[in-house]
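Colleague: I'd like to ask you about the structure that follows.
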Amino acid sequence: MRLFFEPESVVVIGAPRKTGPGALNNIEMMLRYGYKGRIYPINPNADAICGIKAFPSVSEAPETADLAVISVGRDRVLPMLRQCADKGIRRAVVITQGFSDADSIGAELQRQIVELAHSTGMRIVGPNTMGVINHYKHFTTAFVDRPFPGKFPPVSLIAQTGFIQVAAREIAYGDWGKAIDTGNTSDVDFVDALNYFNDDPETRIICIHMEGMKRGREFLRAAAAITLKKPVLAIKTGRSRAGARAALSHSGSLVGEDDVFNAAFRRAGIIRVKTLLELRDSIHALLCLEEMKGPRMCVLTVTGAGGIMCADAAEDYGLELSGLPKGLPEKLKQGMPDWIHVGNPIDIWPIGMIGGDYMRVFRETLRELLVADEVDGVMCIFPVSVSALHEDLNLLQAVEEARRQSGSSKPVAIWTYMDNELFREKYERIERVGNFDSIDQAVQGLGIALRATRNRERRAHEPKAFPYDAEKVRSLAGPEGVMAGEKALELLACFGIPVPESRLVSSAVEAVAAGKEIGYPLVLKLAGPAFLHKSEWGGVVPGIRNRRDLEKALRDVEKSVRRKDSRARIDSWLVQEQAEGKEILMGLKLDPQFGHVIACGLGGIYTEVFRDVSREIVPIGRGEAERMLKSLRMYPLLQGARGERPVDIEVLIDILQRLSFMATVLPGIREMDINPVMASAEKCVAVDARIIFE
Ligand code: ADP
Ligand code: MG
């Protein structure tokens, strides 16, 4: 990747002779950007371009350049790449459009480009790309003229479009330090770029724009490693198409494409943002605030109303209001009238004004907050003004001194108002201070810093392996498409997932005998491949307390089935031990990018109504299983609401881990539902399951 970002020489194929307005001449742009490497224009119809000697073909260039930049018509791209390969050039940026972005002919051409890359070992960025920017080397492959930025923070961009490079002023905070547009992402992809930025000392923050992706597992591995060092922000578009694909199971329909990306990003420690504005604010926060070690925010404000807004925003962004340092309220109230109240938010205005030394009281309070054990970060609101009448309100020095005297590097998010823009930079020169456009953005900034810190400090939970009867699993998990009922439960049992006692029977006499063996109460169910959704046939009868009930249930189910379809034949029944408790759904779905995704949520008949589901990428460890359960809206029900006994959460955590392990043993599972697991304080059992194999 270094040759893409730091080439010492470049052949430029397809640059026009023309320069100036409308020429879109990328050699002209390189020169204007101040690129100091050697440039070799390739153009049979020109002696020189931009005053640089041109060559009729790549083979005639005097050296093997580090990089080729190609923008000829799509039909000529492949021959040019061959010329480059013959010359020994190992890297190419293909700017030309009209490949898989266009039509089937373009897609075929792109396939041939990839083939050439694989057979020659050449690496290719694009096609359909703006290519690469590296401000540290004054290098650009773009055909858009932008003034070279005066400042560019160490933020690197990987995008599948060029516009985010060009719109750096609007989207980045300042500019990008380095950027790569992977375009159609035919060869060089997110994984390559991430691995480069991982080791790159000029990259502190990574931003990703993603439309789609192929190497999901490798991406997760690369990203998970980086986020332990550097924050990664991602904007993934195409949210609206999520879950459009038809699915055969609950798990299939409850785990849409977008949900999988959410699970994948969370797992890799990537912070997903929804909008470009959020992206910019997040970059801003990470650049200025860097980190926040815990969620406790203290608000220091000159406006009570603004303080309440901070408190509201705290909840939105995963923060809480901190307690106040010991002794601080008493100190602030000293010499004040009785009506002065000190809490968090701290309304500093009346105290400053009555005491007559606003600046000092602000400085001392901020300093105390910065050293206090109770506080992880501070949010400040105060006015800044160019008016001579308000010179006394300027707190720049106070913030500076509080920072210095405290010796602490806790983040300070501020929102200054009246003349905010004029003062922003001055405040941000102070270490770990960010000055934002609004109260919400400032609080959000602390939230982002907290998330980045948590991601960096997160520890992966080792997935557990479980003993299982491999022989039996092999005999059960045949090639059949759909496996349901008793057989599916048997397969679960092989992996130690608890199931109720049950017997498959084919007559009333057998059913009664089974009932006697298992013991009442029982549930009677239709069995056999004809009855996949048993309840819909009237084929599940719970609450059977004795032999008489059982015989009646058999007759009732038969009647119900006949009424629905007079030709339907019942070959077998399942007599099952009755379980009690809450109904929980657990499931698996095979995602083409990321492999198996595990889901759990509210089970039973309202599953699709409430869609209360959490998801993780397989394999999961204990921590992930616990998080899955805790993040459910129904979790308080599992803990026992209104005097109910809590269900055995530990067993649920165990079942989820076993399910995850099962997916690693049986990669052919396409979709799977356990619906429901009946969960109570005494036990949790899977009473019904359906597995769809590839
Ligand atoms: P299906 O999903 O094919 O209709 P299930 O076996 O899931 O059939 O049964 C439907 C419902 O009956 C379950 O959601 C659950 O409420 C209840 N049920 C099924 N088996 C049991 C059992 N062993 N103990 C208690 N309730 C059960
Ligand atoms: Mg069911």
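The values are calculated or read from the model by the stated rules, or taken from the named source; none is laboratory data. Remember, it's a predicted structure, so these values are computed and weren't measured experimentally. Cβ placement follows ideal geometry from the backbone for every residue including glycine, while neighbour counts extend to all protein chains displayed. When the accessible area is computed, the model is the full protein with side chains, heavy atoms only, and any ligands, DNA or RNA have been set aside. Shrake-Rupley method; radii C 1.70, N 1.55, O 1.52, S 1.80 Å.
Colleague: Could you work out the pair-distance distribution P(r) of the chain from its alpha-carbon pairs, with 20 angstrom bin width and percents rounded to whole numbers?
Modeller: Calculated over all Cα pairs of the chain, the distribution is 15, 35, 31, 17, 2, 0 percent.
Colleague: Read phi for every residue in region 286-300 and hand back ³J(HN,Hα) as whole Hz from Karplus 6.51 cos²θ - 1.76 cosθ + 1.60, θ = phi - 60°, with x for Gly and Pro.
Modeller: Along region 286-300, the couplings run 5, 5, 8, 8, 6, 8, 9, 7, x, x, 8, 10, 10, 10, 10 Hz.
Colleague: Starting from the amide H of SER100, placed 1.01 Å from N in the peptide plane, find each other amide H under 5 Å away whose residue is 5 or more places distant or on another chain.
Modeller: Amide H neighbours of SER100, under 5 Å, 5+ apart: GLN110.
Colleague: Apply 1/(1 + (r/R0)^6) to the Cβ-Cβ distance of GLU580 and SER438, taking R0 = 51 Å, and write down the FRET efficiency to the nearest 0.05. It would help to have the intermediate numbers written out before the result.
Modeller: Values: r = 52 Å, r/R0 = 1.01.
So, using R0 = 51 Å, E works out to roughly 0.50.
Colleague: Could you compute how much accessible surface LYS53 exposes when probed at 1.4 Å, giving the result in Å² to the nearest 10?
Modeller: Counting only protein heavy atoms, LYS53 exposes about 130 Å² to solvent.
Colleague: What number comes out for the charge environment of SER9, summing +1 per Lys or Arg and -1 per Asp or Glu over other residues with Cβ under 10 Å away?
Modeller: Values: positive: ARG38; negative: GLU8, GLU63, ASP66.
Overall, the nearby charge balance is -2.
Colleague: Let me ask something else about it. Length gain on complete extension for the stretch ASP86 to GLU8, per 0.36 nm per residue less the alpha carbon to alpha carbon distance?
Modeller: Gain in length upon complete extension: 26.1 nm.
Colleague: Another question, if that's okay. Rounded to the nearest 500, what is the chain's calculated 222 nm mean residue ellipticity when only DSSP H runs of at least 4 contribute -39500 (n - 2.57) each, over all residues? Write out the running numbers ahead of the final one.
Modeller: Numbers: 26 runs with 263 residues, N = 694.
-11000 deg cm²/dmol, from helical runs alone.
Colleague: If I fit a long axis through the Cα atoms of helix 358-371 and take the longest principal axis of the Cα atoms of the chain, what angle between them do I get, 0 to 90°, rounded to 10?
Modeller: Long axis of 358-371 versus the principal axis of the chain: about 50 degrees.
Colleague: Listed highest first by mean packing, meaning other Cβ atoms within 10 Å per residue, what order do 481-487, 128-134 come in?
Modeller: 128-134, 481-487
Colleague: Treat each spin label as a single point 7 Å out from the Cα along the C-beta direction, and report the GLU421 to GLU608 distance in nm.
Modeller: 5.2 nm
Colleague: Efficiency by 1/(1 + (r/R0)^6): what FRET value for SER507 and ARG217, r their Cβ-Cβ distance, R0 = 35 Å, to the nearest 0.05?
Modeller: Details: r = 50 Å, r/R0 = 1.43.
The pair SER507/ARG217 has a calculated efficiency of 0.10.
Colleague: Place +1 on the Cβ of every Lys and Arg and -1 on the Cβ of every Asp and Glu in the chain, take the dipole about the Cα centre, and give the residue among LEU396, GLY73, GLN165 whose Cα lies farthest towards its positive end.
Modeller: GLY73
Colleague: Okay, next question. Mind checking the dipole of region 599-672: about its Cα centre, +1 per Lys or Arg Cβ, -1 per Asp or Glu Cβ, Debye to the nearest 20?
Modeller: On the way: 10 positive and 10 negative charges, 27 e Å.
Dipole size: approximately 120 debye.
Colleague: If you take every DSSP beta bridge fully contained in region 1-159, what fraction is antiparallel? Give it as a percent rounded to 5.
Modeller: Working: 4 of 20 bridges.
Taking every DSSP beta bridge with both residues in region 1-159, the antiparallel ones total about 20 percent.
Colleague: Output the pairs from LYS230/LYS326; LYS87/LYS137; LYS229/LYS683; LYS214/LYS274; LYS552/LYS630 with a Cα-Cα distance over 31 Å in this structure; if there are none, say none. Before the final figure, lay out each step's value.
Modeller: On the way: LYS230/LYS326 35 Å; LYS87/LYS137 25 Å; LYS229/LYS683 42 Å; LYS214/LYS274 21 Å; LYS552/LYS630 42 Å.
Too far apart for the 31 Å limit: LYS230/LYS326; LYS229/LYS683; LYS552/LYS630.
Colleague: Something else now. From the phi of every residue in region 195-203, what ³J(HN,Hα) in whole Hz does the Karplus formula 6.51 cos²θ - 1.76 cosθ + 1.60 yield, where θ is phi - 60° and glycine or proline is x?
Modeller: 4, 5, 5, 4, 8, 7, x, 8, 10
Colleague: List every residue whose amide H lies under 5 Å from the amide H of SER572, counting only residues 5 or more places away in sequence or on a different chain, with H placed 1.01 Å from N in the peptide plane.
Modeller: ALA527
Colleague: Taking a probe of 1.4 Å, how large is the accessible area per residue of region 625-665, in Å²?
Modeller: Value returned for region 625-665: 47 Å² of accessible area per residue.
Colleague: Is there a quick way to get the dipole size of region 541-680? I mean about its Cα centre, with the Cβ of Lys and Arg at +1 and of Asp and Glu at -1; what is the value in debye to the nearest 20?
Modeller: Using Cβ point charges on Lys, Arg, Asp and Glu, region 541-680 gives about 580 debye.
Colleague: Something else: Report, in debye and to the nearest 20, how large the dipole of region 287-383 comes out about its Cα centre when Lys and Arg carry +1 and Asp and Glu carry -1 on their Cβ. Write down the numbers at each step before the final one.
Modeller: On the way: 8 positive and 15 negative charges, 79 e Å.
It comes to approximately 380 debye.
Colleague: From the phi of every residue in region 563-569, what ³J(HN,Hα) in whole Hz does the Karplus formula 6.51 cos²θ - 1.76 cosθ + 1.60 yield, where θ is phi - 60° and glycine or proline is x?
Modeller: Working through the residues one at a time gives 4, 6, 7, 5, 8, 5, 10 Hz.
Colleague: Then there is this: Nearest 5 percent is fine: what portion of the DSSP beta bridges confined to the chain is antiparallel?
Modeller: 50 percent
Colleague: Continuing with this model, one more query. Using a 1.4 Å probe on the protein chains only, how many percent of the accessible area of the chain belongs to carbon and sulfur?
Modeller: 51 percent
Colleague: Output the peptides 277-290, 386-399 sorted from most to least packed, where packing is the average of other Cβ atoms within 10 Å over each peptide's residues.
Modeller: Sorting 277-290, 386-399 by mean packing, highest first, produces 277-290, 386-399.
Colleague: In the neighborhood of ILE570, defined by Cβ-to-Cβ distances under 10 Å, what is the net charge if each Lys or Arg adds +1 and each Asp or Glu adds -1?
Modeller: Taking every other residue near ILE570 into account, the sum is 0.
Colleague: While we're on this one: Tell me the relative contact order for region 274-406 as a rounded percent, counting alpha carbon contacts under 8 Å between residues six or more apart.
Modeller: On the way: 178 pairs, mean separation 40.1, N = 133.
30 percent.
Colleague: Residues with amide H under 5 Å of ALA54's amide H, sequence separation 5 or more or different chain, H placed in the peptide plane at 1.01 Å from N; which?
Modeller: Residues meeting the amide H criterion: ALA48, ILE49.
Colleague: Still on this structure, please answer the following. Quickly work out the LYS331-to-ALA388 label distance, labels modelled 7 Å from Cα along the C-beta direction, and quote it in nm with one decimal.
Modeller: For ALA388 paired with LYS331, the spin-label model returns 3.7 nm.
Colleague: Mind ranking 253-260, 38-45 by how tightly packed they are, going by the mean number of other C-beta atoms within 10 angstrom, highest first?
Modeller: 253-260, 38-45
Colleague: Same structure again: Which whole-number percentage describes the relative contact order of the chain, with Cα contacts under 8 Å and a sequence gap of 6 or more? Write out the running numbers ahead of the final one.
Modeller: Details: 1455 pairs, mean separation 64.0, N = 694.
Normalised by residue count, the contact order of the chain is 9 percent.
Colleague: Over the heavy atoms of TYR136, what accessible area does a 1.4 Å probe trace out, to the nearest 10 Å²?
Modeller: Rounded to the nearest 10, the figure is 70 Å².
Colleague: Quick check: the angle from helix 649-665's long axis to the longest principal axis of the chain, C-alpha only, nearest 10 degrees?
Modeller: 80 degrees
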